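One structure is given here, and the rest of the page talks about it.
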Amino acid sequence: MIDVNKFKRINDEYGHLVGDQALQTTATVLKNYFIQNHPFSDLYRYGGDEFLIIHHSLDEQELKKIKKELTQEFQKLDMPYSLTVSIGYSCGNVYSEETIKKVYQEADKNMYKQKN
């Protein structure tokens, strides 16, 4: 789970058009990274400024590496504002609606730990 940091501030200070461009840039960075490094991942925009990535065979060590590499990708951007993301992840076998919720809630909790 990935959240664009201070997205409301980008909208408020630069306008909604720039905010939309920030979301498009975020989606492009994520898409390019996952196509190049993990082509079997699924990327979804979830909510206003959140994205979900689902992959079926990554362990926690690999997820930590992805988190580090994505952070570096966003640091390379040359924008008139700071475009950073908070990333939370969860590992688990998903075989029912209950386990989907559990994995989602853990990723969400981990993302908010990074934000704060």
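The values are calculated or read from the model by the stated rules, or taken from the named source; none is laboratory data. Bear in mind the structure is a predicted one, so any value in this text is a computation, not a measurement. No Cβ is skipped: glycine too gets one built from the backbone with ideal geometry, and neighbour counts run over all protein chains shown.
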Qualifying residue in the range 15-33 (condition: closer than 17 Å to Asp108 by Cβ and surrounded by fewer than 15 Cβ atoms within 10 Å (Cβ to Cβ)): no
Breaking point among (1) more than 22 Å from Tyr104 (Cβ to Cβ); (2) modelled with pLDDT of 95 or more, for Pro39: (2)
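Give Asp49, Asp108 a once-over and let me know the one that is surrounded by 14 or more Cβ atoms within 10 Å (Cβ to Cβ) and in contact with a Leu (Cβ under 7 Å, 6 or more places away or on another chain). If you could, list the steps in order and put the result at the bottom.
Numbers: Asp108 fails: in contact with a Leu (Cβ under 7 Å, 6 or more places away or on another chain).
Going through Asp49, Asp108 in turn, just one is surrounded by 14 or more Cβ atoms within 10 Å (Cβ to Cβ) and in contact with a Leu (Cβ under 7 Å, 6 or more places away or on another chain): Asp49.
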Test: residue in the range 41-63 that is in contact (Cβ under 8 Å) with a residue 40 or more places away in the chain, in contact with a helix residue (DSSP H, G or I) (Cβ under 7 Å, 6 or more places away or on another chain) and part of a helix (DSSP H, G or I): no
